[in-house]
1. Where does each of B:48, A:30, B:175 land when they are ordered by accessible area, with a 1.4 Å probe and the largest first?
2. I need the shape label for the protein assembly as shown. Rule: rounded when a/c is under 1.5, else prolate if a/b > b/c, else oblate, with a, b, c from the alpha carbon gyration tensor.
3. Can you bin the stretch A:164-203 into rounded, prolate or oblate? Criterion: square roots of the alpha carbon gyration tensor eigenvalues sorted a ≥ b ≥ c, rounded for a/c under 1.5, prolate for a/b above b/c, oblate for the rest.
4. Which whole-Hz couplings ³J(HN,Hα) result when phi for each residue of the stretch B:143-155 is put into the Karplus expression 6.51 cos²θ - 1.76 cosθ + 1.60, θ = phi - 60°, listed in order with x for Gly and Pro?
5. Name the cysteines of the protein assembly as shown that stand alone by the Cβ rule: no other cysteine Cβ under 4.7 angstrom.
6. Hey, what's the stretch B:143-203 come to in accessible area per residue, 1.4 Å probe, Å²?
7. Find how much the distance from residue A:2 to residue A:166 grows on full extension, using 0.36 nm per residue of separation minus their present alpha carbon separation; answer in nm with one decimal.
8. With a 1.4 Å probe and all protein chains in place, put A:163, A:179 in order of accessible area, largest first.
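The values are calculated or read from the model by the stated rules, or taken from the named source; none is laboratory data. Quick caveat: nothing in here was measured; it's all calculated off a predicted structure. Note that each Cβ is placed from the backbone with ideal geometry, even for glycine, and that neighbours are counted across all protein chains shown. What goes into the accessible areas is simple: the full protein's heavy atoms, side chains included, and nothing from ligands, DNA or RNA. Shrake-Rupley method; radii C 1.70, N 1.55, O 1.52, S 1.80 Å.
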2 protein chains.
Amino acid sequence: MNIITVSREFGSGGRELGKRLADELQIAYYDKEILATIASKLKLDEEYVEKKLNIGNLRTVPVTFGRTFSLVNQNLDFVKILVEQEKIIKEIAEKGEDFVIVGRNADYILNNYKPFNLFVYADMESKIDRCRRKGMEDNLQKAADLKKAILKVDKSRKKEREIVTDSVWGKKENYHLCINTTEISLKEITPSLANYIKTWRKN
Amino acid sequence: MNIITVSREFGSGGRELGKRLADELQIAYYDKEILATIASKLKLDEEYVEKKLNIGNLRTVPVTFGRTFSLVNQNLDFVKILVEQEKIIKEIAEKGEDFVIVGRNADYILNNYKPFNLFVYADMESKIDRCRRKGMEDNLQKAADLKKAILKVDKSRKKEREIVTDSVWGKKENYHLCINTTEISLKEITPSLANYIKTWRKN
């Protein structure tokens with residue numbers, strides 16, 4: 001059983017690379033469909049679930065009454081979402097099929113299945129460019145704004161990992177391969193990357 | 001012109017991988033011959049040069065007289081060796097041929113030539129195993145001793161880099177690809193890695 005997990009910096013093209021890898025290897029790909037399942041199971045709005053997972057980290061809230069109450073509720077939602085997400089990811093793995101999964105601390109959650117863990121990163125300029133090409137500049141006109149957004153999402157991913165796991169997000173020791181996508185074509189690089197993973201698997 | 005620089009943790013198999021890559025791509029490979037050239041130019045013993053580069057980092061020595069004098073001299077040798085090494089590496093690049101070079105901060109020194117910069121790492125157990133297989137246990141019987149030796153060399157590499165460059169040794173952002181060699185066969189992985197680098201280069 002071959003599982004490939006893709007962790008990535010925001011804007012580095014990790015999601016696209018994950019999708020391309022799945023296509024190249026002709027295996028399943030899991031990403032946003034997990035959101036829909038969580039939303040349906042928890043009877044929450046899918047967009048809300050996505051937002052909680054993207055920037056909705058637990059804050060250390062002093063448990064007081066009144067104004068902070070809804071914040072506490074939202075944090076409870078966040079915990080519930082994380083728990084449900086873990087359950088769903090494990091259910092996917094239990095089906096026994098090969099797949100690629102992007103984000104969601106899947107490398108940690110699926111550790112027993114010996115996944116190939118990829119980390120995708122790039123320099124800031126390249127990440128800003130990528131976000132721009134994806135049309136994110138509609139909302140965030142300036143590079144400075146994009147940079148801020150990128151750093152915010154990554155900070156959130158790092159923090160979420162600290163909550164869920166005992167390992168550090170983005171630390172190369174936690175991955176089998178770390179790819180810098182600065183100035184490369186994800187499309188061109190996919191076949192040799194897929195090949196690398198296949199060879200790695202055989203060992 | 002294709003230059004591949006290989007930086008590596010001690011015991012991770014980076015040197016072997018560099019040599020295999022050069023063979024696979026049928027290009028030149030530079031490593032220990034650089035030591036011989038330095039030794040000859042500076043009229044120093046080759047083994048002494050190697051030792052200085054492996055564990056002979058600059059220490060902060062209070063400049064006093066008497067007992068510390070020879071230590072100061074050795075530090076001067078270390079600086080001379082680093083300067084000569086940089087000169088030799090640049091001379092190699094100026095020849096215009098493709099090559100692989102292992103260690104020696106070549107990624108930094110050759111930055112203008114747009115090299116592909118690889119970092120090779122592995123978990124400690126795997127590095128100890130590799131050292132043991134290479135017969136290093138003749139000198140260092142226990143795993144604890146090997147671990148100490150591995151950490152010492154890597155600490156020295158990190159410190160040397162800090163002296164020579166303004167970038168951090170082993171930080172993934174400084175490399176195009178970081179490979180975890182834990183539990184993989186370097187021989188098996190070489191062709192797909194070479195292929196990855198060739199595709200990267202085309203972009």
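1. Putting B:48, A:30, B:175 in descending order of accessible area: B:48, A:30, B:175.
2. Here the protein assembly as shown falls in the prolate category.
3. oblate
4. 4, 4, 5, 4, 4, 4, 5, 4, 5, 5, 5, 5, 4
5. Lone cysteines by the Cβ rule: A:131, B:131.
6. 49 Å²
7. Extending this stretch completely gives an extra 56.6 nm.
8. A:163, A:179
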